[in-house]
Every structure is written in structure tokens, then in C-alpha cells.
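A.B. asks: My questions will all concern the structure given below.
The values are calculated or read from the model by the stated rules, or taken from the named source; none is laboratory data. Just so we're clear, the structure is a prediction, and the values are computed from it rather than from any experiment. Quick reminder, even Gly has a Cβ in these numbers, built from the backbone with ideal geometry, and neighbours come from all protein chains shown. Quick note on the areas: whole protein, heavy atoms, side chains included, nothing else; ligands and nucleic acids left out. Shrake-Rupley method; radii C 1.70, N 1.55, O 1.52, S 1.80 Å.
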Amino acid sequence: MVPVPLADPSKPSRRDQILAAAAELFARHGFHGVGIDDIGSAVGISGPALYRHFRSKDAMLGEMLTSISEVLLGGGQARVAAVADPDVTLGELVRFHVDFALDNPALITVQERNLGNLTDPDRRKVRALQRRYVETWVEVIVAAVPALPEPTARAAAHAVFGLINSTPHSRHLDRDQMADLLCSMARAALVHAPQSQPVPR
């Protein structure tokens, strides 16, 4: 009997290839500007053949954004669990998010622009994952900067996400220089955030 070769774990699955191609197309042309045939063409299969992997374009977007949120939450939680010093953990969280944004610019763009295009169940799931990721950051920020009120820590976390997520397509610096700049700016913004309680409006 001829042995069946084992799958190469370093080679992306067809589903992963489809999602990667879809992310690039969604980022470039917008979710509504991309058809099933466009995605199929990008991975070398017919558009209808995609339905063997995803039931619809909506399902494709749902899996894509859910996966992003799961990866961010899992990565954040892993870094919190691995490091006891909150100041060091904060640096690890910043570096992790910076690396993800710079290494996955299309996914970041799709995430930022397409939450409203998700089905209601997928939107609720992604929102719940995102809230848990934010709270992971808030706990670490408050532990690293004890004088910082929790509402300020939460606002600062969102502001830092905005900073990091807005820059993956920058061409002014190379990748490593950009990562160092973003990490430095994000850390400074968090550590030096105003420590007085914001006045309610």
C-alpha cells in the first residue's frame, strides 16, 4: 500500500487561503464591492466552488472577524497569564497588538470597517469578544498605573487601539522601526494618561 503523505502543517488550508484572499479584497474594495467570483478567482477556484467551504459571503466575513477577535483575546490572556509584573505585562500586550496590526494590515482594515456588515448573531459574538479583550487591557493598565481611574484606563485602551490600528499601511518607516515607534508611543500614552477622575458630561 502506498502511504498517504501527511498534510504540511505550515501550508495554509483552503479555508485559510480563501479567508486571506477575501480579507485582501474586502480591505481594498470594501465588503459590498467584492463578489464571490472575485474571491474564487483570487484563489484559483470558481466562485460557486467556494460554497463548499462557506455558505455565504456573510459567513466568510463572520468567521474572519470572529477569528481576529479570538486571536487577540487569546493572545492577550496568554501574556497576562505568563507574566506576573503588570508593567512588563503592559509592554507585552502593547507589543502583541502592534505585531498583529503590522503583520495583518488587511485584517485590521476589514475589522475597522465592516463590523456593521456582520449578521446580528456574528456581531454580538464579535462584540462580546472585543469587550473581553478590552477588559484584559484595562485590568493590566490599572495594575501598572494604580492611580489611574478605571474609566480613564478603558478610554486610554481604546485610544491606543485606534493609534495602533490606524498605522499598518504606513510606508514612512520599515516594519521594525514602525513597531518600535508604535510601542513607544502607546506605552507613553498609557503610562502618562491623566490620573484624575474625568468629570461626567
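A.B. asks: Which numbered condition trips up residue 187, out of (1) free of Cβ contacts under 8 Å to residues at least 40 places away in the same chain; (2) open to solvent by 20 Å² or more (accessible area, probe 1.4 Å)?
C.D. replies: (1)
A.B. asks: Is one or more of the residues making up segment 52-68 of a type in the set (Gly, Ala, Ser) and free of Cβ contacts under 8 Å to residues at least 40 places away in the same chain?
C.D. replies: Pass one, segment 52-68, residues of a type in the set (Gly, Ala, Ser): 56, 59, 62, 67.
With free of Cβ contacts under 8 Å to residues at least 40 places away in the same chain added as a condition, the list becomes 56, 59.
Yes, there is a match, as at least one residue in segment 52-68 is of a type in the set (Gly, Ala, Ser) and free of Cβ contacts under 8 Å to residues at least 40 places away in the same chain.
A.B. asks: Could you check, for segment 78-88, whether at least one of its residues is more than 26 Å from residue 134 (Cβ to Cβ) and of a type in the set (D, E, K, R)?
C.D. replies: Start the filter on segment 78-88 by keeping residues that are more than 26 Å from residue 134 (Cβ to Cβ), which leaves none.
No; the residues of segment 78-88 include none that is more than 26 Å from residue 134 (Cβ to Cβ) and of a type in the set (D, E, K, R).
A.B. asks: Looking for whichever is modelled with pLDDT of 95 or more and either under 15 Å from residue 164 (Cβ atoms) or out of contact with any Pro (no Cβ under 6 Å at 6 or more places or on another chain) (or both) here; the options are 78, 84, 106. Which one fits?
C.D. replies: On the way: 84 fails: modelled with pLDDT of 95 or more; 106 fails: modelled with pLDDT of 95 or more.
None of the others qualify; the one that does is 78.
A.B. asks: Of the numbered conditions (1) in a helix (DSSP H, G or I); (2) exposed (fewer than 14 other Cβ atoms within 10 Å of the Cβ); (3) free of Cβ contacts under 8 Å to residues at least 24 places away in the same chain, residue 21 satisfies every one except a single condition; which is it?
C.D. replies: Going through (1) in a helix (DSSP H, G or I); (2) exposed (fewer than 14 other Cβ atoms within 10 Å of the Cβ); (3) free of Cβ contacts under 8 Å to residues at least 24 places away in the same chain one by one, residue 21 breaks only (2).
A.B. asks: Just to check your reading of the model, which residue among 148, 163 is among the aliphatic types (A, V, I, L, M), farther than 15 Å from residue 94 by Cα and modelled with pLDDT of 90 or more? Show your work before the answer.
C.D. replies: Details: 163 fails: farther than 15 Å from residue 94 by Cα.
The conditions single out 148.
A.B. asks: Another question, if that's okay. Please specify each residue of segment 78-96 satisfying the condition of being open to solvent by 10 Å² or more (accessible area, probe 1.4 Å) and not in a loop (DSSP other than H, G, I, E, B).
C.D. replies: Step one: list which residues in segment 78-96 are open to solvent by 10 Å² or more (accessible area, probe 1.4 Å), which gives 78-88, 91-92, 95-96.
Once the filter is applied, which keeps residues that are open to solvent by 10 Å² or more (accessible area, probe 1.4 Å) and not in a loop (DSSP other than H, G, I, E, B), segment 78-96 yields 78, 79, 80, 81, 82, 86, 87, 88, 91, 92, 95, 96.
A.B. asks: Something else about it: For residue 153, state whether it is in contact with a helix residue (DSSP H, G or I) (Cβ under 8 Å, 6 or more places away or on another chain), of a type in the set (A, V, I, L, M, F, W, C) and farther than 27 Å from residue 21 by Cα.
C.D. replies: Numbers: in contact with a helix residue (DSSP H, G or I) (Cβ under 8 Å, 6 or more places away or on another chain): yes; of a type in the set (A, V, I, L, M, F, W, C): yes; farther than 27 Å from residue 21 by Cα: yes.
Yes.
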